[in-house]
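Report on the structure given below.
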Amino acid sequence: SCAVGHVTASALVIDSISRSVLLTLHPKVGRWLQLGGHLEPSDASLRSGALREVEEESGIRAGAISAAPVRLDRHPVPCGRNPDGSVRGSVHWDVQYVVRVDGTPQPQISSESDDLRWFDLSSLPDIDASVAALIDDAEVALLAPTTWVTFG
């Protein structure tokens, strides 16, 4: 629903070998973003919600997810219309993880995306500052002694 603001969970999928990232072209925003979204009652934790979103939006079912978030982000989002027709605003407080895979598995595009592609870090599409910061933090997580939780 359109609450004043709410928590979301997302994850940047990164190939630990080539350092390519998997991004989705979000249909509502028209921008390349990490995978993620709203939590569901069945999600046991923020991490499990981020992982569920990755699996739903890309079909990726094996890899490792950072045990702890690598970044927190606050961003405004449109959320329906006011009675006068103006856009009603809301806020997402996004808890961001990294999903590490070895190689670039063929993703399966979902109905929640206009496109889904692997991008080499040297040839990223037009991304906003939030996604750029998440990519930077994901690279640090790959090099640091981060704790990873395997799945699949």
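The values are calculated or read from the model by the stated rules, or taken from the named source; none is laboratory data. Because the structure is a prediction, the values reported are computed rather than measured. A quick note on method: Cβ atoms are made from the backbone with ideal geometry, for glycine too, and the neighbour counts reach across all protein chains shown.
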Any chance region 21-34 includes a residue that's of a type in the set (Lys, Arg) and either surrounded by 17 or more Cβ atoms within 10 Å (Cβ to Cβ) or within 10 Å of residue 97 (Cβ to Cβ) (or both)?
no
Being surrounded by fewer than 17 Cβ atoms within 10 Å (Cβ to Cβ), at pLDDT below 95 and over 28 Å from residue 147 (Cβ atoms) is the requirement here; does residue 80 meet it?
yes
Filter region 117-146 for residues that are at pLDDT below 95 and β-branched (Val, Ile, Thr); which is farthest from residue 62 (Cα to Cα)?
140
Residues that are at pLDDT 95 or above and within 24 Å of residue 146 (Cβ to Cβ), drawn from region 16-31
20, 21, 22, 23, 24
Residue among 62, 11, 68 that is surrounded by 17 or more Cβ atoms within 10 Å (Cβ to Cβ), on the phi < 0 side of the Ramachandran plot, touching a residue at least 40 places away in the same chain (Cβ under 8 Å) and not hydroxyl-bearing (Ser, Thr, Tyr)
11
Identify the residue in region 19-72 that is of a type in the set (Gly, Ala, Ser) and part of a loop (DSSP other than H, G, I, E, B) and, among all such residues, is nearest to residue 123 (Cα to Cα).
30
Looking only at region 85-102, decide whether some residue is at pLDDT 95 or above, of a type in the set (A, V, I, L, M), farther than 21 Å from residue 55 by Cα and in contact with a strand residue (DSSP E or B) (Cβ under 8 Å, 6 or more places away or on another chain).
no
For region 108-152 the number of residues that are surrounded by fewer than 14 Cβ atoms within 10 Å (Cβ to Cβ), without any contact (Cβ under 8 Å) to a residue 60 or more places away in the chain and either over 16 Å from the mean Cα position of the chain (by Cα) or not in a loop (DSSP other than H, G, I, E, B) (or both) is 8
What number of residues in region 56-86 are farther than 22 Å from residue 132 by Cβ and under 11 Å from the mean Cα position of the chain (by Cα)?
0
